[in-house]
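*Asks:* Before I ask anything, here is the structure I am working with.
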Amino acid sequence: MKQPVPRLAAIHDLSGFGRSSLTIILPVLSTMGVQVCPLPTALLSTHTGGFEDYYFLDLTSHMQPIADHWKKLGVQFDAVYSGFLGSPDQVEIVRRFIDEFRSDGREQLIMVDPVLGDDGELYGPFDREMVREMRRLTEKADIITPNTTEAAMLLDRKFLEVSSIEECKNTLLRLSELGPKMLVLTSVRLEDKPDVSNVLAYDREDGRFWKVDCDYVPAIYPGTGDLFASVLAGSLMQGDSLPIAIERSVQFVSMAIRATFGYRVPHRDGVLFERVLASLNQALTSSSYQVLP
Ligand code: PXL
């Protein structure tokens, strides 16, 4: 029998203050009718963007025993969604998790957000080894959601602040050679309109490329990548097509940023998505995605 509520394993850190990762993923996906089972990778006092020092507890040694208990209970997942990892060694644990919880016959979504950096820089705790290992993790995914910095790192290319559509299509094709069949590239600035951020995507199964424009600059607020990817996961689990799922994610992040901008709250506190969470249950009323020639 189909489960009354679809279930997702969320392999991310828990950062107590600052709105990122699990403190975003749990409320967003619960609102979208998905049961979230967190497999925490690290425990932090805050996220690492904009806070000089933060408490960081690496949970690598706790992950396999948690997974083993779930396996013993016979827990099954409709989706596995990973993000910020606490150490490069966690890649092997997550790869094994995906294999052990792979459901034969039932549809399942494996999404890897290769959280590594932004604005051309690696996030504080990471190094080249994390990039190498994250590349190995992407092999196991159906869909990955790198920003342009992470895409450049995964492909061992130079980060370009602005690029052409052709360059982005090439990036998406190279990323698909790592393994995933759906690729979503965020924070794309195009040469002709560098002040607009775009999301470009490629679906290898039908060979189509998609583009959705955003009227926001995501990098200013930490956690917007997690917000985007969790709405994307929820939307795909609800049966939306890839372009519609991207559109819903872009519109939600945009609304959350607009809800925040009018207040004088420090950017490092993240976006006030709580104020717009209920909109996730409303139907999309406009759509502007493009299929690229
Ligand atoms: O939003 C990605 C992310 C997740 N978790 C932690 C982070 C970041 C980005 O800075 O620091 C702990």
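The values are calculated or read from the model by the stated rules, or taken from the named source; none is laboratory data. Predicted model, so just to flag it, every value in this text is computed and none were measured. Here the Cβ is made from the backbone with ideal geometry for all residues, glycine too, and neighbour counts use every protein chain on show. Remember, those area values only see protein heavy atoms, side chains included, never the ligands or the DNA or RNA. Shrake-Rupley method; radii C 1.70, N 1.55, O 1.52, S 1.80 Å.
*Asks:* Just to check your reading of the model, which residue among Gly234, Gly225 is part of a helix (DSSP H, G or I) and under 19 Å from Leu116 (Cα atoms)?
*Replies:* Gly225
*Asks:* Which of the residues belonging to the range 229-266 are in contact with a Cys (Cβ under 9 Å, 6 or more places away or on another chain) and within 25 Å of Glu107 (Cβ to Cβ)?
*Replies:* Once the filter is applied, which keeps residues that are in contact with a Cys (Cβ under 9 Å, 6 or more places away or on another chain) and within 25 Å of Glu107 (Cβ to Cβ), the range 229-266 yields only Val250.
*Asks:* While we're here: Which one is farthest from the ligand (Cβ to nearest atom), of the residues in the range 1-33 that are under 24 Å from Gly105 (Cα atoms) and open to solvent by 10 Å² or more (accessible area, probe 1.4 Å)?
*Replies:* Met1
*Asks:* Filter the range 103-125 down to residues that are open to solvent by less than 20 Å² (accessible area, probe 1.4 Å), within 15 Å of the ligand (Cβ to nearest atom) and without any contact (Cβ under 8 Å) to a residue 40 or more places away in the chain, then give me how many there are.
*Replies:* Taking the range 103-125 first, the residues open to solvent by less than 20 Å² (accessible area, probe 1.4 Å) are 110-117.
Narrowing the set further to residues that are within 15 Å of the ligand (Cβ to nearest atom) leaves 111-117.
Checking the rest, the ones that are also without any contact (Cβ under 8 Å) to a residue 40 or more places away in the chain come to 116-117.
Qualifying residue count for the region: 2.
*Asks:* Being surrounded by 16 or more Cβ atoms within 10 Å (Cβ to Cβ) and out of contact with any helix residue (DSSP H, G or I) (no Cβ under 6 Å at 6 or more places or on another chain) is the filter here, so list the residues in the range 256-291 that pass it. If you could, list the steps in order and put the result at the bottom.
*Replies:* Of the range 256-291, the ones surrounded by 16 or more Cβ atoms within 10 Å (Cβ to Cβ) are 256-257, 259-260, 268-273, 276-277, 280, 289.
Across the range 256-291, the qualifying residues are Ile257, Thr260, Arg268, Asp269, Gly270.
*Asks:* On to the next question. From the list Pro222, Pro218, which one is within 16 Å of the ligand (Cβ to nearest atom) and surrounded by fewer than 24 Cβ atoms within 10 Å (Cβ to Cβ)? Working first, answer last.
*Replies:* Details: Pro222 fails: surrounded by fewer than 24 Cβ atoms within 10 Å (Cβ to Cβ).
Just one listed residue meets the conditions, Pro218.
Okay, residues lined up against (1) closer than 21 Å to Ile98 by Cβ; (2) open to solvent by 60 Å² or more (accessible area, probe 1.4 Å); (3) more than 16 Å from the ligand (Cβ to nearest atom); (4) at pLDDT below 95:
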position: Leu137; (1), (2), (3), (4): yes, no, no, no
position: Ile144; (1), (2), (3), (4): yes, no, no, no
position: Ile165; (1), (2), (3), (4): no, no, yes, no
position: Cys168; (1), (2), (3), (4): no, no, yes, no
position: Lys193; (1), (2), (3), (4): no, yes, yes, yes
position: Leu200; (1), (2), (3), (4): no, no, yes, no
position: Arg204; (1), (2), (3), (4): yes, yes, yes, no
position: Phe209; (1), (2), (3), (4): no, no, yes, no
position: Val212; (1), (2), (3), (4): no, no, yes, no
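*Asks:* Looking only at the range 132-186, which residues are without any contact (Cβ under 8 Å) to a residue 40 or more places away in the chain and among the acidic types (Asp, Glu)?
*Replies:* Glu150, Asp156, Glu166, Glu167, Glu177
*Asks:* Output the residues belonging to the range 1-27 that are of a type in the set (A, V, I, L, M), touching a strand residue (DSSP E or B) at 6+ places or on another chain (Cβ under 9 Å) and not in a loop (DSSP other than H, G, I, E, B). Before you say what the answer is, go through the steps one by one.
*Replies:* Filtering the range 1-27 for residues of a type in the set (A, V, I, L, M) gives 1, 5, 8-11, 14, 22, 24-26.
If we keep only those that are touching a strand residue (DSSP E or B) at 6+ places or on another chain (Cβ under 9 Å) too, we end up with 5, 8-11, 14, 22, 25-26.
Once the filter is applied, which keeps residues that are of a type in the set (A, V, I, L, M), touching a strand residue (DSSP E or B) at 6+ places or on another chain (Cβ under 9 Å) and not in a loop (DSSP other than H, G, I, E, B), the range 1-27 yields Leu8, Ala9, Ala10, Ile11, Leu14, Leu22, Ile25, Leu26.
*Asks:* Go through (1) within 22 Å of Asp226 (Cβ to Cβ); (2) touching a helix residue (DSSP H, G or I) at 6+ places or on another chain (Cβ under 8 Å); (3) open to solvent by 50 Å² or more (accessible area, probe 1.4 Å) and name the single condition Glu100 misses.
*Replies:* It is condition (1) that Glu100 fails.
*Asks:* Could we say that Leu175 is modelled with pLDDT of 95 or more, open to solvent by less than 60 Å² (accessible area, probe 1.4 Å) and not in a helix (DSSP H, G or I) here? Give the derivation first.
*Replies:* Values: modelled with pLDDT of 95 or more: yes; open to solvent by less than 60 Å² (accessible area, probe 1.4 Å): yes; not in a helix (DSSP H, G or I): no.
Taking the combined requirement at face value, the residue does not satisfy it.
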